[in-house]
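The values are calculated or read from the model by the stated rules, or taken from the named source; none is laboratory data. Just so it is clear, the structure is predicted and the values come from calculations on it, not from any experiment. Here Cβ is always computed from backbone atoms with ideal geometry, including for glycine, and neighbour counts include all displayed protein chains.
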Amino acid sequence: MKYLTFALAKGRLAKHTLQLLEQIGITCEEMKDDKTRKLIFTNEELGLKFFLSKATDVPTYVELGAADIGVVGKDTIIEEGRKLYEVLDLNLGKCRMCVAGPASAKKQLNNGSLIRVASKYPRIAKDYFYNYKHQTVEIIKLNGSVELAPVVGLSEVIVDIVETGSTLKENGLEVLEEICPLSARVVVNEVSMKMQHERITKLIHDLKQVVPE
Amino acid sequence: MKDMEWDSNGGELLHTPGGVKDTYGAECTNKLKVQSAVHEVLNSYGFRDIQTPAFEYFDIFSKERGTVASKEMFKFFDRGNNTLVLRPDMTPPIARCVAKYYRDEDLQIRLCYIADTFVNTGKYKGKLQQVTQAGAELFNDDSSDADAEMVALTVKCLLKSGLKEFQIEAGHAGFFNGLVKEAGFSEGDTSKLRNLIESKNFFGVEDLLDNLTVSTELKEIFLKMPEMFNNLDEAAEFVKARSKSKEVYKAIERLKKLENILKSYGFENYITVDLSMLSNYSYYTGVIFRAYTYGNGEAVATGGRYDGLVSQFGKDTPAIGLAIVIDQLMIALSRQKLLDEELLQGTLLLYPQSLRDEAIKKAEILRSQGEDIQLVRKSPAKPIEEYITYAKRMRIKKMLFLKSEDEMVIIESDN
């Protein structure tokens, strides 16, 4: 039997995904050891392999066929823009992609002025402003703590994920516009889907039964 | 710690740009072998070779001709300021040739090629920008026999390349097109729907259809698409109860015929039908197919019927084509360990200066018997062992040493 390889986005999402997989009888004991330095984990019995990677790399592993199946947030899928099959919404890690900033920035979003937008997601930001809002903006790519940008005057607004909005509030910012809802998705490599069709569709079908509402 | 500054010593001259690469040694030999095996198969089905220029006017590949996106083409200008592109795909140039050179022919035209295509994909994506393709195009035949022959030919080419496990997926462009026409979706919605179905994102499809005005029957068909695998009779029944589109029925009927004819070739086991299969090239109008195998993330062959393309060049001609993506195929063969990557080849004939005449004569005789002979004059300063290790290093299969006029020693390489 050929191995099926899973790429999971490191962190909370991986934990929740493993819990879901456990409910459908797929376990990986090796992975539960927090101290392990191993990078790849195997379940010989079921012919499965698992590895954790940075969320933004999951689509890359799956597109190029290094992993057959991946679990990753919709934000990463859109931002990376890779060719993948997106087969299941796991309803985990629900949040929204938003334009946020101080309340005073609101009118700049409506009068088409050239503003600066800081984001970890330059592609999503660009697509939203250029193709949906038709507003020319200057996009500044940051790698973290994006909320800081409008506070210190690096940009007028930000495009980022908002879960509860409490970080925004504490820094005097608010959601100005909502771009799209987000959640974790199961993605599958195009070729794996064909070559291991039965195994993968069974797995997706089983997972569907345990996905939280 | 030292800063990351290395003296390059002209080293920057050694690199190729991202996305292209050199091929040499066993890798190159293997690639040429596979290429010529595929080429022979194409010729044996009556396809005759054609070569077209590596670059052409941009318009040949523009949007209406539906090949790759304009952004993904390598573009430049000629002296008259016309936009030129490196061909991203071989089909439009060949369609152009048919309209030009076979204007009055109304029976079959069979053309094949081995050529490099160029796609300007993003950096650091792990994808090649120059890809060798071997392909065939069959014009002036709109029969289902032609569909089946091209699929069978794809199977044959892949088998001849040494590949053992692979699957060909077949669909029909008319299936989706017919449904969309019946539903009356706008161009924008159609392209959204196409993208969602292509990425098999059926919860996304459901969301989108919820927001569009569409009959529940048609919606059921769209949502059922991913499950319409392989049982065409069932699919036909399901669709007939819900759609009135002749184009959709015809698509299913055509796929049934394809399945049937492939039985005559004995290749029915290589084919699965997937009605949710769409093509990224919008010029396809009929049967479309793609071949997949283990070991790489992309299709190793693609093909389909494009009855409308040649007419854009001024000759109304049905056509169907296939392309084997040689570089993808090589990755698959290598990962599946189907290639001899430690390939030893050729013979080295070592001779002392005094025996030059004999050596040249011997080499010619051996060459005429089909051996590859590399002549090396032995330097008196170098011991023979040095040549033996050299032969090993260069992966030369056999070494001959001409000791005297009639004594030749064979030194077999043992690696």
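What the table below lists for this structure:
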quantity	calculated
Residue within region A:80-91 that is among the acidic types (D, E), more than 14 Å from chain B (Cβ to nearest Cβ), within 12 Å of the chain's Cα centre (by Cα) and outside any loop (DSSP other than H, G, I, E, B) present	no
Residue in region A:115-125 that is at pLDDT 90 or above, under 22 Å from the mean Cα position of the chain (by Cα) and hydroxyl-bearing (S, T, Y) present	yes
Counted residues, region B:263-273 - those being farther than 18 Å from B:E165 by Cβ and either touching a Phe, Trp or Tyr at 6+ places or on another chain (Cβ under 8 Å) or surrounded by 20 or more Cβ atoms within 10 Å (Cβ to Cβ) (or both)	1
Leading residue by the ranking (farthest from the chain's Cα centre (by Cα)) among those in region A:51-60 that are within 14 Å of chain B (Cβ to nearest Cβ) and surrounded by fewer than 23 Cβ atoms within 10 Å (Cβ to Cβ)	A:T60
Test result for B:K164, over 23 Å from B:L258 (Cα atoms), outside any helix (DSSP H, G or I) and in contact (Cβ under 8 Å) with a residue 60 or more places away in the chain	no
Any hit, region A:103-122, residues being touching a residue at least 40 places away in the same chain (Cβ under 8 Å), among the charged types (D, E, K, R), surrounded by fewer than 18 Cβ atoms within 10 Å (Cβ to Cβ) and over 22 Å from A:K208 (Cβ atoms)	yes
Number of positions in region B:50-89 that are of a type in the set (S, T, Y) and within 19 Å of the chain's Cα centre (by Cα)	2
The listed residue being in a helix (DSSP H, G or I), within 30 Å of B:Y387 (Cβ to Cβ), out of contact with any helix residue (DSSP H, G or I) (no Cβ under 6 Å at 6 or more places or on another chain) and among the hydroxyl-bearing types (S, T, Y), out of B:S264, B:S354	B:S354
Complete set of residues in region B:357-377 that are of a type in the set (V, I, T) and assigned to a helix (DSSP H, G or I)	B:I360, B:I365
Those residues of region B:285-316 which are more than 14 Å from every other protein chain (Cβ to nearest Cβ), among the hydroxyl-bearing types (S, T, Y) and surrounded by 24 or more Cβ atoms within 10 Å (Cβ to Cβ), in sequence order	B:Y306
Residue in region B:142-158 that is part of a loop (DSSP other than H, G, I, E, B), within 14 Å of chain A (Cβ to nearest Cβ) and aliphatic (A, V, I, L, M) present	no
Selection count, region B:239-255, where residues are under 26 Å from the mean Cα position of the chain (by Cα) and farther than 13 Å from B:M228 by Cβ	1
Residue within region B:153-161 that is in the same structural domain as B:P318 (by TED's automatic domain parsing) and in contact with a Gly (Cβ under 8 Å, 6 or more places away or on another chain) present	yes
Exclusive hit being more than 14 Å from chain B (Cβ to nearest Cβ), over 18 Å from the mean Cα position of the chain (by Cα) and buried (at least 19 other Cβ atoms within 10 Å of the Cβ), set A:L48, A:L39	A:L48
Residue that is surrounded by the most Cβ atoms within 10 Å (Cβ to Cβ) [pool: residues in region B:118-152 that are farther than 20 Å from B:E40 by Cα and among the acidic types (D, E)]	B:D147
